[in-house]
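Shown next, in C-alpha cells, is the structure this report addresses.
Bear in mind that the values in this text are calculations on the coordinates, not laboratory data. These figures come from a predicted structure and were not determined experimentally. Methodologically, a virtual Cβ is constructed for each residue, glycine included, from the backbone with ideal geometry; neighbour enumeration extends over all protein chains shown.
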Amino acid sequence: MTTLPKPRQPELKTSLPGPKTAAIMARDAQHLSTSYMRPYPFVPDHGEGVWLTDVDGNTMLDFFAGIAVSTTGHAHPHVVKAVQEQITKFTHVCLTDYPQEITTSLAERMVRHVEKPGEKWRVFFGNSGAEAVEAAVKLARNHTGRSHIISTIGSFHGRTYGAITLTGSKTKYKRGFGPLLPNVSHVPYPNPFRPPLGSTPETCGQAVLDHIEGLFQTIIPADEVAAIIIEPMQGEGGYIVPPADFLPGLRALCDRHGIMLIFDEVQAGMGRSGKMYSFQHFDGQNGMNCQPDIITVAKGIASGMPISAMLAKESVMTWPVGSHGSTYGGNPVAAAAAHATLDLLEGVVKHPGCGDSLMENAAQVGEFIMTELKAMQAEFPFIGDVRGAGMFIGLEFVKPDGSPDGKLRDTASMAMFERGLLNLDCGEAVIRISPPLILTREEAATGLDIMRDALRALK
Ligand SMILES: Cc1ncc(COP(=O)(O)O)c(C=O)c1O
C-alpha cells in the first residue's frame, strides 16, 4: 500500500451519472454529431488544478488531461491571467498577413528547445494537431519535389484527409471516406512488447529499418519518398516507446536516401515525457543523433487553447511566400496561453510543489507512477506491460495467453471512473495515464490507490 499523505480525494455526491449530467447527455445525443464518442458519462462544470467537477458537483481526479492537453491543469492562474490580458488587447489580426510580437517571441522560444549549434529552425502556426501534420507533409513534398510518404501502423495523425491517410491505428477513421491521399505506405512500429516481423524486443528496431530498406528495393523507389512521419513515442496506438537504437537508425536511413524525417510530437511532446520533445530521450545518447527535419506539436502547447506548430529546419522551410497559411493559426490569445504554459514547463514561473519546472515534475512524478504500477503487476497478472516516459504512461491489459484484453481494459476503465478517476483508453487494450503535469506525488498516490481498488474489484 502507498502510505504517502493524501491531500484531497475525489468527492462523489450523486450516483454516476448524476441527474444534470444525464439530462445534458440526452440533449447532446439529440443534437451533436453522431461521430462523437462518449466513453463514460461525464459533463464538466469547472476545474481547478488536477481536479474536475461535473455539473452535479462530483469532483474527480484527472488522469488524462483532456487527452494529454491540459498540461498546467485546469484554470491555472498564470495561464488565465495571460489569456485575460491578451484578450483585452486584441483577439485577432491574422498572422498569415501581419506579424505579431507574441507569436514572433513564441517561435523564438520554441526553436530554442530544438536548435543545435550552427542550425536554425522556423515555425508555422496552425490551430490543431492535424493542421500541423498537413503543413509538415505539404512542406516535405514541396521541399523535396517527391510525393511518397511513409507512416507507421498504429499511428494517429489526425482527422483531415491527409492526416487520416497517414493514420494507421483504426480502420474506422477511413471507412467510407475514400479516396484518400495517394502515395502513402505504412510500416510496422517497433513495439518491444509485441515485436513485429518475427523480431524480438531487442531486434525490433533494426527489423523495421530492414523492412523499409526492403520496400525500397521492391515496391517504393526511395528517391520518390518525400518523408517518413512517425510518433517518437506512439500515443493513440498504445503509448509505445521504441527501442533506443530505432530513431537514430531511422535518421541514418533518411539521410542515406534524402528523405525528410518528421516527428509527430503532438501527443508526447511539450514536456509530457519529462523532456520538451520525446525524441530527445534518444537524441545524443551513445553519440547517436536522431534530430528530425520537421516536428509537429499541438495538444499540450497552450493548456487547452487551440494552437499548433510545425517546426522545420531553415534549410527545409523553402516553400514560397503565400503558398501556405491559416486565418486563425497563431491566434494571439492562444499564443499568450502558450507563453504562460512554457513559463511553467521551463520553470520561468514555478508551480508550488512541482520542483524547478513542470518538465522536471513530469519526469519525477512520472517515474514514481511507473514504479508503483510495475509493482502492481505482481498482484494483477492481467497487467501485461507498464511502459512510457514521464507522464506518458501506458498500462496494457492481457489475457492469460498474453493476447490483448480490450474487454477487461474497458471494465477497468469504467471501474476507475466510478471511483472518481478520469482516465482514457488507447490502443487495443491500454489505459493511458496522461495527467496534468502539475500532478504532485501525493495526488499521484491518490490516483494509484483508486486504480488498485478498481483493479481488485475485477478479480
Ligand atoms: C500524435 C498525434 N498527431 C496528431 C493528432 C491530431 O491532433 P488534433 O486532434 O488536434 O487534430 C493527434 C491527436 O490525438 C495525435 O495524438
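From helices alone, the chain scores -10500 deg cm²/dmol at 222 nm; the rule is -39500 (n - 2.57) for each run of n ≥ 4 DSSP H residues, then divide by the residue total. If you take the beta carbon distance between L181 and E367 as r and set R0 to 35 Å, what does 1/(1 + (r/R0)^6) give as a FRET efficiency, to the nearest 0.05? Efficiency at R0 = 35 Å is approximately 0.35. Looking at the stretch 175-264, which GluC sites (Glu not before Pro) are in a loop (DSSP not H, G, I, E or B) and have at most 16 other Cβ atoms within 10 Å? Those that pass, being in a loop and sparsely packed, are E202. Counting other Cβ atoms within 10 Å as a rough exposure proxy, the listed residues S273, S147 run S147, S273 from fewest neighbours to most. Extension gain for the segment R122 to L458, taken as residue separation times 0.36 nm less the Cα-Cα distance, is 115.9 nm to one decimal.
Where both partners of a DSSP beta bridge lie in the stretch 187-301, what percent of those bridges are antiparallel, to the nearest 5? Bridges in the stretch 187-301 that DSSP calls antiparallel: roughly 10 percent. The simple Förster model, with R0 at 60 Å and r as the Cβ-Cβ distance, assigns E115 and T14 a FRET efficiency of 0.70.
Please name which of T96, Q291, A312 has its Cα lying farthest along the dipole of the stretch 83-346 towards the positive end, using unit charges on Cβ (Lys, Arg +1; Asp, Glu -1) and the Cα centre as origin. Of the listed residues, the answer is T96. Looking at the chain, the DSSP beta bridges with both ends there are about 70 percent antiparallel.
For GluC sites (Glu not before Pro), the sites in the stretch 43-150 that DSSP calls loop and that have at most 16 other Cβ atoms within 10 Å are E115, E119. Taking the Cα centre of the chain as reference, the dipole from Cβ charges on Lys and Arg (+1) and Asp and Glu (-1) amounts to some 660 debye. Remark: relative contact order (the chain) = 21 percent; criterion is Cα-Cα distance under 8 angstrom and separation of 6 or more residues. Working note: Karplus 6.51/-1.76/1.60 with θ = phi - 60° gives the stretch 38-52 the couplings 9, x, 7, x, 9, 10, x, 10, 7, x, 8, x, 8, 10, 10 Hz, where Gly and Pro are set to x.
Applying 1/(1 + (r/R0)^6) with R0 = 30 Å to the Cβ-Cβ distance of M414 and H46 gives a FRET efficiency near 0.80. In the structure shown, the pairs K81/K138; K174/K374; K138/K374; K275/K399; K13/K350; K116/K138 are assessed against 31 Å; a Cα-Cα span above that value is assigned to K81/K138; K174/K374; K138/K374; K275/K399; K13/K350. From the alpha carbon centroid of the stretch 375-394 to that of the stretch 148-179 is 28 Å.
Were the residues from I219 through I87 laid out at 0.36 nm apart, the gain over their Cα-Cα distance would be 42.3 nm.
Taking every Cα-Cα distance in the chain and sorting them into 20 Å bins starting at zero, the pair-distance distribution P(r) comes out as 25, 59, 17, 0 percent. For the stretch 83-346, what is the Kirkwood hydrodynamic radius in Å, using each pair of distinct C-alpha atoms? This gives a value of 18.7 Å. Taking DSSP loops as anything outside H, G, I, E and B, show the longest stretch in the chain free of chymotrypsin sites (Phe, Trp or Tyr not before Pro) there with at most 13 other beta carbons within 10 Å. The longest such stretch corresponds to 178-459. Going from the fewest other Cβ atoms within 10 Å to the most, the residues I87, I149 appear in the order I87, I149. Defining a contact as two alpha carbons under 8 Å apart and six or more residues distant in sequence, what relative contact order in percent does the stretch 38-183 show? It rounds to 11 percent for the stretch 38-183.
Assuming charge only on the beta carbon of Lys and Arg (+1) and of Asp and Glu (-1), the dipole of the stretch 107-256 about its Cα centre is about 500 debye to the nearest 20. Between the stretch 316-370 and the stretch 395-459, the alpha-carbon centres lie 27 Å apart. Every pair of different Cα atoms in the stretch 246-378 enters the Kirkwood calculation, which places the hydrodynamic radius at 16.9 Å. Only one residue of P248, Q280, A336 has its Cα farthest out toward the positive end of the dipole of the stretch 83-346, where Lys and Arg carry +1 and Asp and Glu -1 on Cβ, and that residue is A336. Relative contact order of the stretch 83-346: 28 percent, from C-alpha pairs under 8 Å at least 6 residues apart in sequence.
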